[in-house]
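Since the structure comes first, as structure tokens, the remarks are kept for the end.
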């Protein structure tokens, strides 16, 4: 086939009809791959992003609801916030704890043998707003009922104190013959 006959066949009426169709499909394919396909990919990616953002929005909405709940509880209890300052002070205030313990033992018939303060660090300022504690070690003499009254009075006070350890025993000197017990307590006081 020479060049002239190929050109004649190309411009033949039958071939012209197919040429327009083929050209249309080539141009359409170009638009599908070059223009429409990237737009469709962008649409699907945006839909996936919208779903992700919807889930993140639900999580943030839940967190905001929790913050609003905490804030409403804070607003309800705002008038009682001074009780927290009384329960846990910013300084150790060992003297106030000793005073509270003394008041608790004055009403009862307990006799104190010794009181020592331990585990207190007055120099540590590094862990601000972290709960710290100190220990009061006490040796007392008295009856079981007096010891229970003493413990109830300790727990009824506003200053937060715990009794992590308590030992009851007979005194070494049993010459008195009474029902007196030797009581050893550890009282833990807290501060910020």
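Annotations
- Here the spin labels are modelled as points 7 Å beyond Cα on the Cα-Cβ line, and at residue 3 and residue 48 they lie 5.2 nm apart.
- Stretched out straight at 0.36 nm per residue, the stretch from residue 82 to residue 131 would grow longer than its current Cα-Cα span by 15.9 nm.
- Potential extension, residue 34-residue 186 segment - 0.36 nm per residue separation minus Cα distance: 46.6 nm
We did not get these values from a lab; they are worked out from the coordinates using the rules stated. As the structure is a computational prediction, the values presented were derived from the model and not from experiment. All Cβ positions, glycine included, derive from the backbone under ideal geometry; neighbour counts span all protein chains shown.
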